[in-house]
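Encoded as structure tokens, the structure appears first; notes follow it.
Readers should treat all values here as calculations from the given coordinates under stated rules, not as data from a laboratory. Since the model is a prediction, treat every value here as computed from it, not as a measurement. All Cβ positions, glycine included, derive from the backbone under ideal geometry; neighbour counts span all protein chains shown.
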2 protein chains.
Amino acid sequence: MAKVNVYVTLKPELLDAQGKVVQGALENLGYTGIEGVRVGKIVEIEIADAAGNIEGKIDEICRKLLVNPNTEDYRFEIEKG
Amino acid sequence: MAKVNVYVTLKPELLDAQGKVVQGALENLGYTGIEGVRVGKIVEIEIADAAGNIEGKIDEICRKLLVNPNTEDYRFEIEKG
């Protein structure tokens, strides 16, 4: 079994409202020196080795289901189980 | 400036409803061999080097704001800018 971590983040040129809220909360809590916060998601997928070309399949899954290519970037890493 | 990536995931013993939905969607799309899917979040924080003990500060930020210790685990990595 392979474990794949997919990291999905908003494109850098887009305003990340959730990140701005976290940044504001940190400033209100008294933290200084926080220059930016952005929030994304991780999708951890466990996939059987018998599934064949895992890298190609995960890339396809990202494009078909997990990622909005208009607004998001993604990268993934495969850990063999 | 340092860039810190914080990874927040639901504790493994808890049911991840969002992950189950993604897993079901993948099965409906015809993907086989998907044994589990879990969804978490990434928080990318840019912090000034002058902020001092970055590791200690980020750990405190996780515990105070970003992570629910009852239901979530976290880890983070610091990239020097």
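Partner shielding of A:25-32 amounts to 4, given as the average count of beta-carbon atoms from other chains within 10 Å of each residue beta-carbon.
The simple Förster model, with R0 at 25 Å and r as the Cβ-Cβ distance, assigns A:Thr32 and B:Glu77 a FRET efficiency of 0.70. Normalised by residue number, the volume inside the convex hull of the Cα atoms of the stretch A:36-81 is 90 Å³ per residue.
Pairs of Lys residues in chain A, spaced 8 or more positions apart or belonging to different chains, with C-alpha separations under 21 angstrom: 11 in total. The share of alpha-carbon pairs in the protein assembly as shown lying farther apart than 23 Å comes to 43%. Across the stretch A:2-80, the convex hull enclosing all Cα atoms gives 103 Å³ per residue. For B:Glu35, the shell of other residues with beta-carbons less than 12 Å away shows a net charge of -2, using +1 for Lys and Arg and -1 for Asp and Glu.
Near B:Gly36, the amide H atoms lying under 5 Å from its own belong to A:Glu46; only residues 5 or more places off or on other chains count, and H is placed 1.01 Å from N. Against chain B, whose longest principal axis is taken from its Cα atoms, helix B:17-28 shows a tilt of about 40°.
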